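Participant: Okay, here's the structure, questions in a sec.
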Amino acid sequence: MKMVKFIDAHVHLGSIPYNKVEWGSFAEYQSISKKLDIERYCVVPIGLPENFVDNSTPNNKMVLQELKRDDSIIPIYWFNVFDLPKSIDKRYKAVKFHPDIGEVSINDKRVVDFVGKMGLPLFAHTNESKDYSNLGLISELARKVSVPVIAVHSGSVTRTFFRLDNYRFPDNVYFETSGIQYAIILKKIYNMFGAERIVFGSDYPFGDPRVSLAMIDTLNLSNKEHELVMRNNISGILNIK
Ligand SMILES: [Zn+2]
């Protein structure tokens, strides 16, 4: 069987509507990813401004609908602690949490309990400049659950570089490459944890896989390390072929 080349661990389905313009489209993502040999992608719905204003859940169903047309999609369920489902469709391979909806801490008991109940890997949006979404909270949550925990954006902002030393990350924490403000942050993560703990993600349409690839290029990885970051880490986390 032919091995999948690259996997993008973080993509949003849909576009960002702003002043009557739709920014990005899944069709555009599909054509970019094809050129870059990205053969599979972890897809969550797009979080629209109203989801953040009224604490509502982005449209998870659209991901399963799109899966019928594109079997490269690996569906990820966006959960919202104000609207928790009793169960989720078996096709979802992981769950995603965004602490900006309701400004809920990553290590909140509702998050820990839901992740424990689902037993699926967790993607959590992180931003080191916010009290409820910094990497310290990811490391606390990761100690309370037995699944892999992926820090989407790896803390994102400059202060991440300085604060990484303040935290003790258990082995089930992984760092995702989209939305990182400066290359030096990713370089430091690589120095501290190695390629085994880094996963390639684009955050399209906010980010672009070409930006993340350039970031990864700054690490000067060996072929084996590159395969870990671009495919093997995430396929192991999600237990997919
Ligand atoms: Zn995202």
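Every read-out reported here was derived from the displayed coordinates using simple, explicitly stated rules and does not represent laboratory data. Predicted model only: the values in this text are computed from it and were never measured. Neighbour counts are summed over all protein chains in view; Cβ atoms, including those assigned to glycine, are modelled from backbone coordinates with ideal geometry.
Participant: Just to be sure before I move on: is K109 closer than 30 Å to I185 by Cα and over 15 Å from the mean Cα position of the chain (by Cα) in the structure I sent?
Facilitator: It is true that K109 is closer than 30 Å to I185 by Cα and over 15 Å from the mean Cα position of the chain (by Cα).
Participant: Still on this model: With respect to S178, determine if the residue is under 25 Å from F52 (Cα atoms), in a loop (DSSP other than H, G, I, E, B), touching a strand residue (DSSP E or B) at 6+ places or on another chain (Cβ under 9 Å) and in contact (Cβ under 8 Å) with a residue 60 or more places away in the chain.
Facilitator: yes
Participant: Does segment 60-80 contain at least one residue that is under 19 Å from V211 (Cβ atoms) and not aromatic (F, W, Y)?
Facilitator: There is no residue in segment 60-80 that is under 19 Å from V211 (Cβ atoms) and not aromatic (F, W, Y).
Participant: E196: free of Cβ contacts under 8 Å to residues at least 40 places away in the same chain, within 17 Å of K5 (Cβ to Cβ) and touching an Asp or Glu at 6+ places or on another chain (Cβ under 9 Å), yes or no?
Facilitator: Spelling it out, it is not the case that E196 is free of Cβ contacts under 8 Å to residues at least 40 places away in the same chain, within 17 Å of K5 (Cβ to Cβ) and touching an Asp or Glu at 6+ places or on another chain (Cβ under 9 Å).
Participant: If you don't mind, there's one more thing I want to ask. Report, by residue number, each residue of segment 192-228 that is away from the ligand (no atom under 16 Å from the Cβ), among the polar types (S, T, N, Q) and assigned to a loop (DSSP other than H, G, I, E, B).
Facilitator: Once the filter is applied, which keeps residues that are away from the ligand (no atom under 16 Å from the Cβ), among the polar types (S, T, N, Q) and assigned to a loop (DSSP other than H, G, I, E, B), segment 192-228 yields T218, N220, S222.
Participant: Still on this model: Show me the strands (runs of 3 or more DSSP E) found entirely inside segment 1-79 where at least 2 residues are of a type outside the set (K, R) and either surrounded by 21 or more Cβ atoms within 10 Å (Cβ to Cβ) or within 16 Å of the ligand (Cβ to nearest atom) (or both).
Facilitator: Of the strands (runs of 3 or more DSSP E) lying wholly inside segment 1-79, those with at least 2 residues that are of a type outside the set (K, R) and either surrounded by 21 or more Cβ atoms within 10 Å (Cβ to Cβ) or within 16 Å of the ligand (Cβ to nearest atom) (or both) span 6-13, 38-45, 73-79.
Participant: With (1) exposed (fewer than 15 other Cβ atoms within 10 Å of the Cβ); (2) farther than 30 Å from D89 by Cβ; (3) touching a residue at least 12 places away in the same chain (Cβ under 8 Å) as the list, and G119 as the residue in question, which single condition is left unmet?
Facilitator: Single failed check for G119: (2).
Participant: Search segment 137-162 for residues being more than 16 Å from the ligand (Cβ to nearest atom) and among the polar types (S, T, N, Q), and hand back the single one that is farthest from L238 (Cα to Cα).
Facilitator: The residue in question is T158.
Participant: Quickly run through segment 80-109 and pick out the residues that are over 22 Å from L238 (Cβ atoms), free of Cβ contacts under 8 Å to residues at least 12 places away in the same chain and in a loop (DSSP other than H, G, I, E, B).
Facilitator: Across segment 80-109, the qualifying residue is only K86.
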